[in-house]
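One structure is given below, encoded as structure tokens.
The values are calculated or read from the model by the stated rules, or taken from the named source; none is laboratory data. Only a predicted model underlies this, so the values are computations on that prediction, with no experimental measurement involved. Using ideal geometry, Cβ is built from the backbone for each residue, glycine included, and neighbour counts are taken over all protein chains shown. For accessibility, only protein heavy atoms count, side chains too; no ligands or nucleic acids. Shrake-Rupley method; radii C 1.70, N 1.55, O 1.52, S 1.80 Å.
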2 protein chains.
Amino acid sequence: MLTIDHTRAGARLADEGRTACSGGGAAALHTDAATPDRILEAGYAFWRSKLLFSAVELDVFTLLAEAPLDLDTLAARAGIHRRGARDFFDALVALGFLRRDGAGRYGNQPDSNRYLDRDKPAYIGGLLLHLNARHYRNWGLLTQALRTGMPQSGALATGSYPALYADSATQELFLRGMSAGSLLAARALAAKFPWQRYRTVIDIGTAEGCVPVEIARMHPHLAGGGFDLPAVEPAFLAYVHDHGLSDRLRFYAGDFLRDPLPHADVLVMGRILHNWDLPTRKLLLGKAHQALSPAGALIVYDPLVDDGRMTAHGLLSSLNMLLETAGGSEYTANECRQWMEDAGFTEISVQPLGDMHSALIGIKPCE
Amino acid sequence: MLTIDHTRAGARLADEGRTACSGGGAAALHTDAATPDRILEAGYAFWRSKLLFSAVELDVFTLLAEAPLDLDTLAARAGIHRRGARDFFDALVALGFLRRDGAGRYGNQPDSNRYLDRDKPAYIGGLLLHLNARHYRNWGLLTQALRTGMPQSGALATGSYPALYADSATQELFLRGMSAGSLLAARALAAKFPWQRYRTVIDIGTAEGCVPVEIARMHPHLAGGGFDLPAVEPAFLAYVHDHGLSDRLRFYAGDFLRDPLPHADVLVMGRILHNWDLPTRKLLLGKAHQALSPAGALIVYDPLVDDGRMTAHGLLSSLNMLLETAGGSEYTANECRQWMEDAGFTEISVQPLGDMHSALIGIKPCE
């Protein structure tokens, strides 16, 4: 909890004050069965998000990846004015993102060192920058979205891809955010799925191609690529080239709302279905079934709502889709299982990806 | 944690798929010593704040104070479109602010029923609305504040009272936020301090007068009032009148930077010192010592930084003062104790107020 540990020193010393100079009885003692602690914790929670976003923006964790630094050196290198520097770094210590040694030097904790140092492969700072640049603003309009049922991301709603991709800077920020948001899920999929039994994989709605890149780099026998709108091709090719995978991963251009999907042993639809309404989800699942090899697998993943509708992150993610899309939402594994069965998939299983996403895997029967 | 409970059903069923239709080896298993859970939790924490702010804005807890309501009735009464309604209320259940019974009806939890029903005396929704209207925006500019050391609240910085009070709507929102933010601390003070041994109390920088009202209503023998800039007088008089205390509490007009403080047995400076730089703090403590009766008490409270600088809320509050003020910050009990001793106070004690504020109490010696 955020409340400070209680001592009764105040009451005790006030009593001593009375003995010294004045008269009066004992103070009433007031205790509440229902404290406001949980309300206050949630009310102030956005402070913690913004603290972390600023630390990532100012690249604090990259600066500390080599060795701990003292306050003045760290503040100077991060470009932080001395007025707020000590409180800022100490708050990062208090929240467990930094540690402070006996000499007052600041260093990374293991998780921030691994995930928030820009020079490490597991860097997920892009996700936090995306949350900061896009979602923090959109969530400012939650009440309006709840009242109207309409998205609040303006012309840049997810799904409004022509608008998103009309400006190259907007496109780049969006695509980078998508990659950062997919990275952990992509790595979990690369590690957990039995890729050895398949030869080709294509990621549907691939953006920069983060998912096929993570899978292909861990499984050299695989080939395939990513399917997306033609405007995305240069970003995809550059990303795949940067990862040295141009010989195995190619770009498949198309519009999944109008065109058939490309053929492969495994198709991945990550963070796609939640952007769309139910008829579109069913259309996409049908197209995937059509495009897969016999015995091929479809992997769908999103931040699912738990079947009991009791877990906050999936429900909050669903409200994020209210803010972001015209008809999207999160859904439960049971709902998706039914849609996949209706599309002809069998042996449907659920696989948590350990990063707030869960995958549903379905097999197209051999017949 | 926010991650969904893991099952290994996915891997198991994928293995069955292999037996049925294809060949290949076992999937590699990947486990991380350092998970990104804590990073993701903080990154998404602002979603929880905004969920609660919207629920308070839409007065969900007031609507449910009488009896539980089903989804459609609650959504209709709260003015929430059906698209997001179920996810919204279920997310409030998941975060513990609502409960959902077997019939699917939503009801308040004890803490939300007590603190977030507008018609209850302990209502603190005004604080959440203040955080939403003012702080959510200001914290969007944290990186800029860190880089420059300058406040980011524009012409409406705390301390810029002429600007804050120039527009009556701005003044009202600000003063209401101040009252809501002081309410819990005021009640704790009213309950915990030995008021029986004093006759008069004046609250310095009183705004609407929330603090003297809470103290006076619990202790009928006390008289006094609140000291603030002349522009605040109408709001103070209205608030005190609404609470039926006009016979015991009066308004003392003045500018504590230029004028002496009014005389009383007890002076309260709540959420005042943290707005100002150190010389101003010392000036104010000296004026308080001057104004108090012999054996009188000064009560100072703010969201203190803990002496070890290890607790997040005080440090984050200090960054909030960076955003809000030109020279303010939070401070530790040890620092304040020293300033109070320098000003002539003795028997200084610390009293946590149970709501993220802590008080320092000092006695003016009898001599």
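The percentage of C-alpha pairs in the protein assembly as shown whose separation is greater than 41 Å is 38%. Computed 3J(HN,Hα) for region A:98-113, one whole-Hz value per residue from the Karplus formula 6.51 cos²θ - 1.76 cosθ + 1.60 where θ = phi - 60°, is 10, 10, 10, 8, x, 8, x, 8, 9, x, 6, 7, x, 6, 5, 5, glycine and proline marked x. The listed residues A:M310, A:M340 rank as A:M310, A:M340 when sorted by accessible area, largest first, using a 1.4 Å probe. Projecting 7 Å from Cα along the Cα-to-Cβ direction, the label point of B:G244 sits 8.0 nm from its equivalents in the other copies, listed shortest first. Peptide A:77-84 has a mean shielding of 5, counted as Cβ atoms of other protein chains within 10 Å of each residue's Cβ. Sorted from longest to shortest, the spans of the Cα atoms of region B:94-216 along the three principal axes equal 53, 47, 28 Å.
Compute the long axis of helix A:233-242 from its Cα atoms, compare it with the longest principal axis of the Cα atoms of chain A, and write down the angle in degrees, 0 to 90, nearest 10. Relative to chain A, helix A:233-242 is tipped by roughly 70 degrees. The phi-based Karplus calculation (6.51 cos²θ - 1.76 cosθ + 1.60; θ = phi - 60°) puts the 3J(HN,Hα) values of region A:301-311 at 9, 7, x, 4, 7, 5, 4, x, 6, 10, 9 Hz, whole numbers, x for Gly and Pro.
A dipole drawn for chain B from +1 and -1 charges on Cβ atoms has a positive end, and of B:Q338, B:S246, B:P365 the residue lying farthest that way is B:S246. For B:D259, inter-copy separations between label points set 7 Å beyond Cα along the Cβ vector come to 7.5 nm, shortest first. Derived value for region B:265-327: Kirkwood hydrodynamic radius 12.9 Å. Basis is the mean of 1/r over every pair of different alpha-carbon atoms. Amide H contacts of B:T311: B:D306, each under 5 Å away and 5 or more positions distant or on a separate chain (H built 1.01 Å from N in the peptide plane; Pro and chain starts excluded).
Per-residue ellipticity at 222 nm from helix content only, as computed over chain B with -39500 (n - 2.57) for each DSSP H run of at least four residues, stands at -13500 deg cm²/dmol. Dividing the Cα radius of gyration of chain A by its Kirkwood radius returns 1.08 for Rg/Rh.
Computed with a 1.4 Å probe over protein heavy atoms only, the accessible surface of region A:33-115 comes to 36 Å² per residue. For peptide B:133-141, the mean count of partner chain Cβ atoms within 10 Å of a residue's Cβ comes to 3. Taking all Cα-Cα distances within region A:217-347, those exceeding 23 Å account for 41%.
Taking all protein chains as they are arranged and a probe of 1.4 Å, the heavy atoms of A:F174 leave approximately 10 Å² accessible to solvent. Against chain A, whose longest principal axis comes from its Cα atoms, helix A:333-342 is set at around 10 degrees. Take the accessible area of B alone and of A alone, subtract that of the pair with a 1.4 Å probe, and the total buried over both chains is about 11400 Å².
Using Cβ point charges alone (K and R +1, D and E -1), the dipole size of the protein assembly as shown about the Cα centre works out to roughly 120 debye. Once backbone amide H atoms are built at 1.01 Å from N, A:Y252 has A:G226, A:F227, A:D228 as its partners under 5 Å, excluding neighbours fewer than 5 places away on the same chain. Among the GluC sites (Glu not before Pro) in region B:38-120, those placed in a DSSP loop whose Cβ has at most 12 other Cβ atoms within 10 Å are B:E66. The alpha carbons of region A:168-255 occupy a box of 38, 24, 23 Å along the principal axes, longest dimension given first. Given the pairs A:K287/B:K50; A:K192/A:K282; B:K192/B:K287, which are separated by over 32 angstrom at their Cα positions? With Cα atoms farther than 32 Å apart: A:K287/B:K50.
Along region B:176-183 the Karplus relation, 6.51 cos²θ - 1.76 cosθ + 1.60 evaluated at θ = phi - 60°, assigns HN-Hα couplings of 5, x, 4, 4, 4, x, 9, 4 Hz to successive residues, with x for each Gly and Pro.
Per residue of A:305-313, other chain Cβ atoms within 10 Å of the residue Cβ number 6 on average. Largest first, the three principal axis extents of the alpha carbons in region B:224-300 are 36, 28, 19 Å in whole numbers. At q = 0.18, 0.21, 0.25, 0.28 Å⁻¹ the log10 of I(q)/I(0) for region B:45-99 amounts to -0.53, -0.73, -1.06, -1.34, computed by Debye summation with a single uniform scatterer per C-alpha, solvent ignored. Under a model in which nothing but the beta-carbon of Lys, Arg (+1) and Asp, Glu (-1) is charged, chain B shows a dipole of about 360 debye around its Cα centre. Taking amide H positions as modeled 1.01 Å from N, with prolines and chain starts lacking one, no residue 5 or more places away or on another chain lies under 5 Å from B:A122. Shown for B:T332: label points 7 Å from Cα along the beta-carbon vector, and their distances to the equivalent points in the other copies, 5.2 nm in ascending order.
Start at zero, step by 10 Å, and the Cα-Cα distances of region B:99-159 spread as 19, 30, 22, 19, 9, 1 percent across the bins.
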